[in-house]
1. State the percentage of accessible surface on the chain attributable to carbon and sulfur atoms; use a 1.4 Å probe and exclude ligands, DNA and RNA.
2. Among 82, 137, 112, whose Cα sits farthest toward the positive end of the charge dipole of the chain (+1 at Cβ of Lys/Arg, -1 at Cβ of Asp/Glu, about the Cα centre)?
3. Working with all protein chains in place, sort 44, 88, 97 by solvent-accessible area computed with a 1.4 Å probe, largest first.
4. Keeping all protein chains in the complex and leaving out DNA, RNA and ligands, what accessible area do you get for residue 57 with a 1.4 Å probe, in Å² to the nearest 10?
5. Set the Förster distance to 25 Å, then compute FRET efficiency between residue 40 and residue 92 from the Cβ-Cβ distance, nearest 0.05.
6. Kindly write out, for region 128-134 in residue order, the coupling ³J(HN,Hα) from the Karplus curve 6.51 cos²θ - 1.76 cosθ + 1.60 (θ = phi - 60°), rounded to whole Hz, with x marking Gly and Pro.
7. Got a number for the accessible area of residue 89? Probe 1.4 Å, square angstrom, nearest 10.
8. Given C-alpha coordinates of the chain, what is the ratio Rg to Rh with the Kirkwood estimate of Rh?
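The values are calculated or read from the model by the stated rules, or taken from the named source; none is laboratory data. Because the structure is a prediction, the values reported are computed rather than measured. So basically every Cβ, Gly included, is an ideal-geometry build from the backbone, and we count neighbours across all protein chains shown. Please note that ligands, DNA and RNA were not included when accessible areas were found on the heavy atoms of the full protein model with its side chains. Shrake-Rupley method; radii C 1.70, N 1.55, O 1.52, S 1.80 Å.
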Amino acid sequence: MSGEAQVGGCLCGAVRFRVELPTLFCGHCHCSMCRRSHGAGFVTWFAVPRASFGLETGEGELTRFRSSEHGTRSFCRRCGSSLFCESTHYPDVVDITLASMQGPIDREPASHIYFDDRAGWIIVNDGLPRLGGATGTEPVREE
Ligand SMILES: [Zn+2]
Ligand SMILES: [Zn+2]
C-alpha cells in the first residue's frame with residue numbers, strides 16, 4: 001500500500017485495520033439484514049478494492065457469519081462490533097462500516113440503498129438518491 005491510508009477498528013480495539021484510499025462507494029444501507037445485525041436503523045458502508053484493505057490486528061477475534069448464500073459479515077467476537085461485509089458476487093471488494101473509521105474517508109455517503117426495505121420509523125430527508133429493488137441499487141418510485 002502506498003497511497004493515503006486511514007485506519008479503523010472495533011469498539012474494544014482488538015481488531016484494527018487499514019484502508020488505502022481512494023474508496024469505491026459510500027452509502028446508507030436500509031436492508032433488514034444490516035438493520036438486525038447492527039441493531040440500528042440503517043448502516044453506512046463504504047467499499048474498497050480488496051487489495052486496498054489490510055487487517056493489522058485481531059484476525060483471531062474476527063468472527064465471520066454467513067448471512068446469505070453470497071454474503072459474509074464479520075464482527076469482533078469480544079465486543080460485537082460489526083465491521084465488514086463481503087460478497088461472493090464481488091470477490092474483489094470489501095465493504096466496511098464507515099462508523100468504524102477513526103478519521104474521514106475520501107467521500108460522503110451518496111445514496112440510500114435497499115431504501116424500499118427501510119424501517120418505518122426512519123425519517124430520511126437528506127435529498128440523496130433512494131435506491132432499491134432486487135439489487136438494492138435501482139431507482140425507487142416515491143410514494
Ligand atoms: Zn472488539
Ligand atoms: Zn444492508
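1. 52
2. With unit charges placed on the Cβ atoms, the residue in question is 82.
3. Ranked list, largest accessible area first: 88, 44, 97.
4. 50
5. On the way: r = 27 Å, r/R0 = 1.08.
Here the calculated transfer efficiency is 0.40.
6. Calculated HN-Hα couplings, in order: 6, x, 10, 10, x, x, 4 Hz.
7. 110
8. Computed over Cα atoms, the ratio is 0.96.
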